[in-house]
Amino acid sequence: MKIDFWNVRGFNRPLKHNGVAHLIRNNHLCLLGLLETKLSASVVPRILNRSFPGWCHSDNFHTIAGGRMLIIWNPAVIDVQPEDISPQVIHCRVTNKSSQLSFYISFTYGLYTVVNRRSTWDKLMELGQTMSMSWLILGDFNCVKSPAEKQLGATPTWYELKDFADCCLSLGLHDAPTTGCYFTWYSNSDSNPVWCKLDRVLLNNEWLEAGLHCGAHFSPPGCLSDH
């Protein structure tokens, strides 16, 4: 089962639709989280019918302005039941229709300040309090977890790191094994270049104890996005 997420920085143009369709087709994806879509809810069915026929979707557009998160999936392969939708997290139960394996997944897109991101950590802590199944948390957290995850620019302070680190410690979250790029975001500035690890995939202890395989691959930023 292959799952992906992408900060597309706008999903209004056919060029982006074609890019996502190419990503799905080439990687045999069954579930995809699209972040920073900048869409309105009214246009989503038209886009799906034209570019992703037969696929289902959920979004959090009613919780926050700006069309921030849209998830799409192939219902022939998996069943997805969104159970909690908030401005920074879409939390779902996923079942593979072939193996009947079920797990939880939380697509996450953090806001831009330490204070505004605290509702992300609060939501994950709330979900984790009753979590007894395998759980994936993935997305663009808009922050790093340690100073080593930022290259150049201002060194992140403990104030900026603490909330994320505490959340991972409290919930027993671990980074999935990764290949590809360590830094997942680039400032696109020759005069002030900055590299950061903003995107990641996290696993809970139950996932590890179940012996489930999970690996994450991070491609370099491309012409369609800076992630």
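A short reminder: the numbers here are calculations on the coordinates, not readings from a lab. Quick caveat, the model's predicted, so the values are computed rather than measured. With ideal geometry, Cβ positions are generated from the backbone for all residues, glycine too; neighbour counts draw on all protein chains shown.
Would you calculate a helix-derived [θ] at 222 nm for the chain, using -39,500 (n - 2.57) for each DSSP H run of n ≥ 4 and dividing by the full residue count, to the nearest 500? Don't skip to the end; give the middle numbers.
On the way: 5 runs with 56 residues, N = 227.
Only helices count here, giving -7500 deg cm²/dmol.
Could you tell me whether the stretch 23-146 comes out rounded, prolate or oblate from its Cα gyration tensor? Rule is a ≥ b ≥ c as square roots of the eigenvalues, rounded for a/c under 1.5, then prolate if a/b exceeds b/c, otherwise oblate.
Values: a/c = 1.91, a/b = 1.20, b/c = 1.59.
Verdict is oblate for the stretch 23-146.
Longer than 31 Å from Cα to Cα, which of Lys97/Lys150; Lys38/Lys150; Lys97/Lys197 are they? Say none if no pair is.
Values: Lys97/Lys150 40 Å; Lys38/Lys150 27 Å; Lys97/Lys197 33 Å.
Flagged as over cut-off: Lys97/Lys150; Lys97/Lys197.
To the nearest 0.05, how large is the calculated FRET efficiency for Thr130 and Asn96 if R₀ is 30 Å and r is the Cβ-Cβ distance? Numbers along the way, then the final one.
Details: r = 23 Å, r/R0 = 0.75.
Step by step, r from the Cβ atoms, then E = 0.85.
Where does the stretch 78-201 land on Rg(C-alpha)/(2.2 N^0.38 Å)?
Working: Rg = 15.7 Å, N = 124, 2.2 N^0.38 = 13.7 Å.
So the Cα radius of gyration is 1.15 times the expected 2.2 N^0.38 Å.
At q = 0.10, 0.22 Å⁻¹, what is the base-10 log of I(q)/I(0) for the stretch 135-227 according to the Debye formula with one equal point scatterer per Cα and no solvent? Please give it to two decimals.
For the requested q values the scattering log ratios are -0.29, -1.17.
With each pseudo-label sitting 7 Å past Cα toward Cβ, what's the Asn205-Asp84 distance in nm, one decimal?
Using points 7 Å along Cα→Cβ, the separation is 1.8 nm.
Using the Kyte-Doolittle scale, which helices in the chain average at least -0.5 and also have C-alpha atoms spread 15 Å or more along the helix axis, with helices defined as whole DSSP H runs? Before the final figure, lay out each step's value.
Details: long enough: 14-27 (19 Å, -0.66); 114-128 (21 Å, -0.55); 158-171 (19 Å, 0.26).
Qualifying helices, which must be both long enough and hydrophobic enough, are 158-171.
So for the pair Trp158, Ser146, with labels modelled 7 Å out along Cα→Cβ, what separation do we get in nm?
Calculated label separation equals 1.7 nm.
Provide the convex hull volume over Cα atoms per residue for the chain, in Å³. List each step's numbers first, then the result.
Working: hull volume 27.9 nm³, N = 227.
Taking the convex hull of the Cα positions in the chain, it is 123 Å³ per residue.
Mean separation of Cα pairs under 8 Å and 6+ residues apart, divided by the residue count of the stretch 3-218: what relative contact order is that in percent?
On the way: 395 pairs, mean separation 30.6, N = 216.
Relative contact order, the stretch 3-218: 14 percent.
Taking a cut-off of 20 Å between Cα atoms, list the lysines near Lys123, but don't count ones fewer than 8 places away on the same chain.
Of all the lysines, those that pass the test against Lys123 - Cα under 20 Å, at least 8 places apart if same chain - are Lys145, Lys162.
With Cβ to Cβ distances under 14 Å as the rule, what net charge do the other residues near Leu127 carry (K, R +1; D, E -1)? Let's see the in-between values first.
Values: positive: Arg93, Lys123; negative: Glu83, Asp84, Asp122, Glu126, Glu206.
Around Leu127, the charge tally is -3.
When a footprinting reagent is the concern and you count Cβ atoms within 10 Å, what order do Phe107, Phe52, Phe11 take, fewest first?
Values: Phe107 28, Phe52 18, Phe11 21.
With the sparsest Cβ surroundings first, the list reads Phe52, Phe11, Phe107.
Calculate, in nm to one decimal, what His22 and Arg46 gain on full extension: separation in residues at 0.36 nm each, minus their alpha carbon distance.
Values: separation 24, 0.36 × 24 = 8.64 nm, distance 1.82 nm.
My answer for the length gained is 6.8 nm.
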